[in-house]
């Protein structure tokens, strides 16, 4: 498994800023005076190779923030720079390329095709990317092993797996395009505590052994503790930013 993780990419420089968020706000309005401010001047930086949890209660703004970080939404005001480039200046095609190649998404709901094999679920993004069939399978197998699944599961249907195995397939799918940033939105929310620990250990190995930048969105303090840094937000504002690097 360690070799598979190393094969997916090189360690990156943790001292280089990958993400710079400066006084970002986000307003939602249904017209009239019914405007809601989900983010209120949020600012922070995240370096290459960091493992960061963004934690907050329901309605805190963390999901809105995740959508902005994942280039799925844009701020109302403020700036978001990804690798030094202001996201607001990017075209729709550039944003799509970033989402497809630079960012890997892992969601609570898994979002796998239930009647497709594990291998096909993982290599499907490569089909859309125009990767050759031979390379698709090689990259999918490498990603699956890096996510902690062995070959015995590769040809199972995803609906034949346990919750933890399904989430690791979802992690492998997020890895297959070799992204530098992984955004995980409540990835243990549908799992029991023991299985959740296994999934979180997978993220930690990807961060430690390969230097992937990982941002974990959660409302659970015990999940956030697995990261090296916790940004706590409430009512759309950053209340604390704490480093607690594990040894």
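Only the coordinates and a few stated rules stand behind these numbers; no lab work does. Predicted model only: the values in this text are computed from it and were never measured. Cβ coordinates were reconstructed from backbone atoms using ideal geometry, including for glycine residues, and neighbour counts include every protein chain displayed.
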Longest principal axis of the chain (C-alpha) makes with the long axis of helix 163-175 (C-alpha) an angle, in degrees to the nearest 10, of 80
Find the all-direction average of the projected area of the Cα convex hull for the range 22-90, expressing the result in square nanometres with one decimal place. 5.3
Spin-label model distance (nm) - residue 45 vs residue 157, 7 Å beyond Cα toward Cβ: 5.1
Calculated from DSSP helices alone, with each H run of at least 4 adding -39500 (n - 2.57) and the total divided by the residues of the chain, [θ]222 nm to the nearest 500 comes to -10000 deg cm²/dmol
Where in the range 99-119 does the label zone of residue 135 land, with the point 7 angstrom along Cα→C-beta and an amide N cut-off under 17 Å? 100-102
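For the pair residue 35 and residue 89, what calculated FRET efficiency results from E = 1/(1 + (r/R0)^6), where r is the Cβ-Cβ distance and R0 = 25 Å, to the nearest 0.05?
Efficiency for this residue pair is about 0.45.
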For helix 193-210, report the angle its Cα long axis makes with the longest principal axis of the Cα atoms of the chain; keep it between 0 and 90° and round to the nearest 10°. 90
At q = 0.15, 0.20 Å⁻¹, the log10 of I(q)/I(0) for the range 157-198 from a Debye sum over equal Cα scatterers comes to -0.39, -0.66
Quick one: work out the % antiparallel among DSSP beta bridges in the chain, nearest 5. 55
Per the Kirkwood definition applied to all pairs of different Cα atoms, how many angstroms is the hydrodynamic radius of the range 62-219? 16.1
Distance between modelled label sites at residue 222 and residue 67, nm, 7 Å Cα→Cβ extension: 3.0
The range 171-234-the range 22-79 distance, computed between alpha-carbon centres (Å): 19
Extension length gain for residue 240 and residue 193 (0.36 nm per residue less Cα distance), in nm, is 14.3 nm
Whole-number percent relative contact order across the chain, with pairs defined as alpha carbons under 8 Å at least 6 apart: 30
So for the pair residue 99, residue 76, with labels modelled 7 Å out along Cα→Cβ, what separation do we get in nm? 2.2
For the range 152-247, treating each Cα as an identical point scatterer without solvent, what Debye log10 I(q)/I(0) comes out at q = 0.10, 0.19, 0.22 1/Å? -0.30, -0.99, -1.24
